[in-house]
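Enquirer: Would you mind keeping the following structure in view while I ask a few things?
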Amino acid sequence: MTIRIISDLHLDEKNPALCRAFFIYLDNLPKDTQSLYILGDFFEAWVGDDDDLPFHDDIRQRLKQLTDSGITLFFQHGNRDFLVGELFAKQTGCTLLPEAYVLYTGTQKIAILHGDSLCIDDVEYQQFRAQMRNPDVQKMLLSQTLDERRALAQSLRDNSKEANSNKAENIMDINQAELEKVMRQLDVQILIHGHTHRPQKHQFNIDDKACERIVLGDWGKTGWEIVLDDNQISLNEFKL
Ligand SMILES: [Mn+2]
């Protein structure tokens, strides 16, 4: 049985081809797939579970079909879809995971997270992140009408800096000391994340123990996944 992990699809109604490619990916999941983990920024923007865009309905339905077929679906929030909530989870059959989560494969203990929390050198972003993760702020946002929330999301994206924020060169990379602190806290030697759009396997030592950080890529012309299979961890790129 295998576990598959994906991140940073940035699904957007302006790019229906990418969404179709994701559905084809789901259609072709190998039969031994036990569970699928999405590590955030699955949506380019999510203004609340009450969102009624047909584009989002299609995605909810396709995810429900996936979980009905017996594949367990886990969802972590990214900085774009931090408002995904329990209603979405109920409608799709997925389980929402905390910001940092440790999964066990039988032989391995692996931490997964979106990754933006590790980018502590970007002080301005971390302040924005703290605000957006504040339950009171989220409650205030969700109390606005859908139109108001959509306008707010649009204005954030129109902001010139924000408009380019899906590009790796505009995302500050993780801080190695923060990474090591988190890995010590979680007591793991392997950590997987997305967010930075810099797919790569990194090897290093913590307290003389061999450790690994594996970074998923974002989806565009190609897709990325990590496959956990017994003792093996592979980072795969594929054409969409
Ligand atoms: Mn992100």
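Enquirer: So how much slack lies between residue 238 and residue 101, counting 0.36 nm per residue of separation and subtracting their Cα-Cα distance, in nm? Show your work: numbers first, answer last.
Expert: Working: separation 137, 0.36 × 137 = 49.32 nm, distance 2.61 nm.
Contour length minus Cα-Cα distance gives 46.7 nm.
Enquirer: Check cross-link reach from residue 139 to the lysines: straight Cα distance under 20 Å, and skip same-chain residues fewer than eight apart.
Expert: Candidates past the 8-residue exclusion: 90.
Enquirer: Going by how many other Cβ atoms sit within 10 Å of their own, how do 7, 234, 165 line up, fewest first? Show your work: numbers first, answer last.
Expert: Details: 7 31, 234 12, 165 15.
Lowest count first: 234, 165, 7.
Enquirer: What do you get for Rg/Rh over segment 2-239 if you use C-alpha atoms and the Kirkwood form of Rh? Let's see the in-between values first.
Expert: Numbers: Rg = 17.4 Å, Rh = 18.4 Å.
So for segment 2-239, dividing Rg by the Kirkwood Rh gives 0.94.
Enquirer: Treat the count of other C-beta atoms within 10 Å as a stand-in for reagent exposure and order 99, 212, 124 from fewest to most.
Expert: Working: 99 13, 212 16, 124 9.
Going from sparsest to densest Cβ surroundings: 124, 99, 212.
Enquirer: Let me ask another. Provide, in order from the shortest bin, the percent of all Cα-Cα pairs of segment 125-204 in each 10 Å bin, continuing until the bin that contains the maximum pair distance.
Expert: Computed distribution, short to long bins: 14, 34, 32, 18, 3.
Enquirer: Near residue 181, which lysines are there with a Cα under 26 Å away, not counting those fewer than 8 places off in the same chain?
Expert: 109, 201, 209
Enquirer: Starting from the Cα of residue 148, step 7 Å along the direction of its Cβ; do the same at residue 69; then give the gap between the two resulting points in nm.
Expert: Calculated label separation equals 4.1 nm.
Enquirer: Now for a separate question. Per-residue ellipticity at 222 nm for the chain, helices alone: DSSP H runs ≥ 4 residues times -39500 (n - 2.57), over residue total, nearest 500 deg cm²/dmol? Before the final figure, lay out the partial values.
Expert: Numbers: 8 runs with 80 residues, N = 240.
Value at 222 nm, helices only, nearest 500: -10000 deg cm²/dmol.
Bear in mind that the values in this text are calculations on the coordinates, not laboratory data. These numbers were taken from a predicted model, which means no experiment stands behind them. Neighbour counts run over all protein chains shown; Cβ positions are idealised from the backbone, glycine included.
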